[in-house]
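Working notes for the structure below.
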Amino acid sequence: MSDKKNQTPGSVEEPRGVSRRSFLGTGAVTGAVLAGATALGAGTFTRESWAAAAKEAKSKVHVGPGELDEYYGFWSGGHQGEVRVLGVPSMRELMRIPVFNVDSATGWGLTNESKRILGDSAKYQNGDCHHPHISMTDGKYDGKYLFINDKANSRVARIRLDIMKCDKILTVPNVQAIHGLRLQKVPYTKYVFANAEFVIPHPNDGHTFDLQDKNSFTMFNAIDAEKMEMAFQVIVDGNLDNSDADYTGKYAASTCYNSEKAYDLGGMMRNERDWVVVFNIPRIEAAIKAGKFINLDGSKVPVVDGRKTDGKDSEFTRYIPVPKNPHGLNTSSDGKYFIANGKLSPTVSMIAIDRLDDLFADRFKDPREVIVAEPELGLGPLHTTFDGRGNAYTTLFIDSQVVKWNMDEAIRAYKGEKVNYIKQKLDVQYQPGHNHASLTETSEADGKWLVVLCKFSKDRFLPTGPLHPENDQLIDISGEEMKLVHDGPAFAEPHDCILARRDQIKTQKIWSRNDPFFAGTVELAKKDGINLETDNKVIRDGNKVRVYMTSMAPAYGLTEFTVKQGNEVTVTITNIDQIEDVSHGFVMTNHGASMEISPQQTSSITFTADKAGLHWYYCSWFCHALHMEMVGRMLVEKA
Ligand code: RUQ
Ligand code: CUA
Ligand code: CA
């Protein structure tokens, strides 16, 4: 039966005659299983509030044709493996940056340049991105790099924001599943901090499968952000989920949901409290400098042991008990608190960063003395973000809400004062994971926009079969009241996103001829005595044939080349167009070869000419009125 009352203005008939409430009922199963909750917070949204929000949306979100957005948004592409670039507040998708996936349009994963960057891990064609973060100087985005994790194959990638291409990928050794990822904020992003989630035996060679073995553990990882090499690893108790760094450059903190080191659901929920582990970066650096480290399982990376021994803390870490299976870990933009989100507890735990020196100096009897508040917010708190005005916004997965609360008032309430720190609860659609306010990870948090990344969209969009899009919602937080202004369907699954002011990102209009992105290819051409900007030549080297040509709209420098059947052919093309936006492509039909060649770029791709006969190649980016005519032939002679 159609339930018109609960429809979004402008939406179509309820799909398949199922009411919104019954959709919500289905969703409740997920939440109920997690926390033993009996009902999903269906909320109190009405047709009237949606209508009001929709009206608001028109004025706030509308970015007219030809107008530019105020913010860049970088979205994780989840297990699709890419990074997406959006304009905010319009939520228009501007670009996709392939990273851990294979991309037909740009040739990522197919070209020699991308394979060089992918390195040994080019054999994996999947990835699972969660956490995109922009490099910082003095606690502000410097616009240089964006880093992102790959949970699936334990990698970390770096994207150069001037060209919006991935330029480095590192596989973290001796761990499984890089999940939480955050950057050092101060004095600059020297380290990328990356949590490896799963506990594994060391060496992981089948000698044991026992997670309680003393050599079964996971590690906290620090990566040199400029070199994209491992800096150090820290062995920890329990597992690691999310993390963040502080505004002094001294501490990083991570949540652990599996302090039990269990291998099953029941086991992982056994303890009422798990913990936040805090890392003392200067102490770790000092130990490594003094040579006090070990190497693990054949790797050269310095490793220190941050586990407790006989209940005694190591010099590198402190474990702060917090309830229960905590998930997100967020540093408040005022630099004062690490906030651990309770997930199976309705609370978040506020850790005072200015008490951590005393904690490491062992001045407290109980490590929980660093906790200054533990406000109760609702069911399933996952992540918290900040508006720079003293308010925090926490997603409640099970309640399907975002709760706005005041940090100072939560601290006063913890001391026993009667204050209501909760300012507003806003229904979101549905089951939110991450949320992210504009500039929230920096000291410049400006409290304008909040993106809430909902895991379920249910009935918010036209139905697309059993697989639904996610729903990334845009909320105006500039006033006292949060207002939902936009629904944005997204493909699997943008766990997290980050917003930067548009003036913080500076991009190149066309490639520089000496860009390191294709320097390896330029180097090889030099060995063949080729001038890439002028030469159109075929070099024969035994079974290998290297074809060099230019491209300028609407023609390739070579419209024909001949090889022998079975030859390994490398086609290297330099786009000598200087005009912004005149990208060419190269596709060799029936050979699985495709690549982008943007203005002043050199791109190359290698394939086997295994079929005798004539094979057309063509330009794949519409570059000119005569784009269809931008073709050539590969003539393959019978072996
Ligand atoms: S985690 S939904 Cu992969 Cu960022 Cu929290
Ligand atoms: Cu060049 Cu189309
Ligand atoms: Ca647990």
Among the stretch 607-626, those whose backbone N falls under 19 Å of a label point 7 Å along Cα→Cβ from residue 544 are 607-610
The extension gain from residue 264 to residue 618, computed as 0.36 nm times the residue separation minus the Cα-Cα distance, is 122.1 nm
Within the stretch 216-246, the residues whose backbone N lies under 15 Å from a label point placed 7 Å from the Cα of residue 443 along the Cα-to-Cβ direction are 246
The stretch 52-158, convex hull of Cα, quarter of hull surface, nm² -> 9.1 nm²
For residue 232, other-chain or 5+-apart residues with amide H closer than 5 Å (H placed, Pro excluded) are 222
The alpha-carbon center of the stretch 342-376 and that of the stretch 578-594 are separated, in whole Å, by 55 Å
Whole-Hz Karplus couplings 3J(HN,Hα) for the stretch 219-230, θ = phi - 60° and coefficients 6.51, -1.76, 1.60, Gly and Pro as x, run 9, 8, 10, 10, 10, 5, 5, 7, 7, 6, 10, 5
Along principal axes, largest first, the alpha-carbon spread of the stretch 278-376 in whole Å comes out as 45, 32, 29
Contour minus Cα-Cα span, residue 376 to residue 611, at 0.36 nm per residue, comes to 77.8 nm
In nm², the average projected area of the convex hull spanned by the Cα atoms of the chain is 31.9 nm²
Of the stretch 495-510, those with amide N under 18 Å from the point 7 Å along the Cα→Cβ vector of residue 61 are 497-499
Simple spin-label estimate for residue 369/residue 462, 7 Å along Cα→Cβ, in nm, reads 6.3 nm
With label points set 7 Å from each Cα along the Cα-to-Cβ direction at residue 480 and residue 122, the distance between them in nm comes to 6.0 nm
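Compute the signed sum of charges (Lys and Arg +1, Asp and Glu -1) over the other residues within less than 11 Å, Cβ to Cβ, of residue 100.
-2
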GluC sites (Glu not before Pro) in the stretch 236-329 lying in a DSSP loop, each with at most 15 other Cβ atoms within 10 Å of its Cβ, come to 272, 315
Rounded to the angstrom and largest first, Cα extents along the principal axes for the stretch 75-224 equal 51, 38, 27
The ³J(HN,Hα) series, computed from each phi in the stretch 295-301 with the Karplus coefficients 6.51, -1.76 and 1.60 at θ = phi - 60°, rounded to the nearest Hz and given as x for glycine or proline, is 10, 10, 6, x, 9, 8, 5
Projected onto their principal axes, the Cα atoms of the stretch 357-484 stretch, largest extent first, over whole-Å spans of 58, 30, 30
Taking a crude spin-label model, label points 7 Å out from Cα along the C-beta direction, the residue 559 to residue 635 distance in nm is 1.4 nm
The answer for residue 486, listing residues at least 5 apart or on another chain whose modeled amide H is closer than 5 Å to its amide H, is 474
For the stretch 511-551, shape from the Cα gyration tensor axes a ≥ b ≥ c, cut at a/c of 1.5 then a/b versus b/c, turns out prolate
Once phi for every residue in the stretch 345-355 is put through the Karplus expression 6.51 cos²θ - 1.76 cosθ + 1.60 (θ = phi - 60°), the whole-Hz ³J(HN,Hα) values, with Gly and Pro written as x, are 10, x, 10, 10, 10, 9, 9, 6, 5, 6, 9
Here the FRET efficiency for residue 162 versus residue 226, based on Cβ atoms and R0 = 25 Å and rounded to 0.05, is 0.95
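Read-outs throughout are calculated quantities, based only on the coordinates presented, and are distinct from any laboratory measurement. Bear in mind the structure is a predicted one, so any value in this text is a computation, not a measurement. All Cβ positions, glycine included, derive from the backbone under ideal geometry; neighbour counts span all protein chains shown.
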